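Working notes, beginning with the structure itself.
The values are calculated or read from the model by the stated rules, or taken from the named source; none is laboratory data. In this text, all values refer to a predicted model and were calculated from it rather than measured experimentally. Backbone-built Cβ (ideal geometry, glycine too); neighbour counts: all protein chains shown.
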Amino acid sequence: MIVLEKFYITTAIDYVNAKPHIGHAYEKVIADIIARWQRLKGKKVFYLTGTDENAQKNSQAAKEAGAPIREFVDKNVEFFKELCKILNISNDGFIRTTEDRHIRISQDIFKKVLAKGDIYKGFYEGLYCEGCESYLTEKDLVDGKCPEHQKPPKPLREEAYFFKMSKYKDRVVKLLESPSFVLPKEKRNEMLSRIKSNDLKDLCISRKGLDWGIDVPSDRNHKIYVWFDALINYVSALDYPGGGKFKEFWPADIHLIGKGINWFHSVIWPAMLISAGIKPPKTILVHGYLTVNGQKISKSLGVQIDPVEIVKKYGEDSVRYLFAREIPFGEDGNFSEKALKDRLNNELANDLGNLLSRVVKMIEKSFSGNVPQGKVDGKLGKELNIERIEKYMDKFELHNALAEIWNFIRACNKYINEKEPWTLEGKELENVLYTLADSLRIISILVSPFIPGTSDKINEQLGLNLGTLRGVKFGLLKGGKIKKGGHLFNKVK
Ligand SMILES: [Zn+2]
């Protein structure tokens, strides 16, 4: 029996206090590209996304909307599921933190950590930011305000449970010192210098007097601090500890997250796991923030884009392509409709769309739609650098991988212009068109993680099924019957 290598990737789970914005779409798409790439490599992939429903933020939003909280989260979670569908996200799981299994497993882990002596009761006094759902220190503030939420935190003193995070400082530092634990490197260095510059304090992990959230086991006056339960989604979705999925997929290969929650994932989460006797994840992969037309996304300032609207207008693959091509991974990036239109018209419609329609037309005209069995022209094959593409993908330089794939697509177009197949006949014509059809087969594989719907359309028109990375070799195409279809992409003004 062949046992496939496993690959477990997660996104952060989203608050359901409002509809998803373009940043949610970005994270899901990037994780999807990585998941699909790993499947192409032949791995058994589990891709998890989901929603963070126990947050106080959700309960506040429900009150403002005048809706019962449970009804409110049930309704809003559907927007996130719809977003996954409309973006052609291939997630294998979707976890909601109000699910019974998540509540049970969060309480089990709380009990485990308590039994180990790593949880104690005390008093917390501090500055609490409701937006972050977290206590902040004076050092975190900019002009007396939370820099993330532009609001001054409230002073709070209350009885609470604490997690002895300080005990795990050395272990966490050691993890952070391994080069692949947090990527990119700059994001790892930020965490390392932060943890080294202050004494890692114990973490307050309960809140008193809330009407929404998961009860502290055996003390119903307290709810488990939402971050403590939220992080547990990554193992509760695998039915920790007994579930077959946990045994098969844990530890996570990648937690993909935004830079604002790096500390929770790179420091708090591993400390919790070590305390509970669970292996830490392999890599925390940190992406930057999106701006919209150069401005920070902000609901109150009206700077936002509804990802569903934008997908309806331009198609999901144009949006997916823009995310991966326009923004170097790890950096902040800008989303603009102008960039989307430019790339859609030039790179998707002109470069890729025209290549397919030219080749399909020529095979129809000269061979009645039957792909000729010719010989590959090695000259064109040399234009594809698969090693370089793989290297970029392994380093999550998705924009460079796409640039490299597009170099090959442009080389194919140039090849047509140089060979002028319409002037050829016989064996020579067969060889040129076979080489082009075989190249399109390979292109369909390479672009499939990025623009899966388009990859399907290419294969449909060539009469093929999608291959795997092992199929990225020239000369493997065996016949096929062309089925001419519409344009891959329609240009927009
Ligand atoms: Zn805040």
- Message: Against the conditions (1) crowded, with 18+ Cβ neighbours inside 10 Å; (2) of a type in the set (A, V, I, L, M); (3) free of Cβ contacts under 8 Å to residues at least 12 places away in the same chain, where does I109 fall short? Just the number, please.
- Response: (3)
- Look through A411, A437 and report the one residue that is aliphatic (A, V, I, L, M), free of Cβ contacts under 8 Å to residues at least 40 places away in the same chain and either under 19 Å from F474 (Cβ atoms) or in contact with a strand residue (DSSP E or B) (Cβ under 7 Å, 6 or more places away or on another chain) (or both). A411
- Any pair with Cβ under 9 angstrom, 6 or more apart, that starts in region 118-133 at a residue that is farther than 11 Å from L203 by Cα and within 13 Å of the ligand (Cβ to nearest atom) and ends at one that is among the small types (G, A, S) and modelled with pLDDT under 95: Y128/S134; C132/G260; E133/A55
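Tell me which residues, restricted to region 134-150, are surrounded by 14 or more Cβ atoms within 10 Å (Cβ to Cβ), near the ligand (Cβ under 9 Å from one of its atoms) and either of a type outside the set (K, R) or within 22 Å of D199 (Cβ to Cβ) (or both).
S134, L136, D140, C146, E148
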- Message: Looking at P270, P328, P241 in this structure, which one is in a loop (DSSP other than H, G, I, E, B) and over 14 Å from S106 (Cα atoms)?
- Response: P328
- Can we say P153 is modelled with pLDDT of 90 or more, touching a helix residue (DSSP H, G or I) at 6+ places or on another chain (Cβ under 9 Å) and within 10 Å of the ligand (Cβ to nearest atom)? yes
- Message: One residue is enough: does region 429-442 have a residue meeting the conditions surrounded by fewer than 16 Cβ atoms within 10 Å (Cβ to Cβ) and not in a loop (DSSP other than H, G, I, E, B)?
- Response: no
- Scanning region 179-223 for residues that are more than 31 Å from the chain's Cα centre (by Cα) and of a type in the set (A, V, I, L, M, F, W, C), the one modelled with the lowest pLDDT turns out to be L210
- region 462-478, residues that are buried (at least 22 other Cβ atoms within 10 Å of the Cβ) and assigned to a helix (DSSP H, G or I): L462
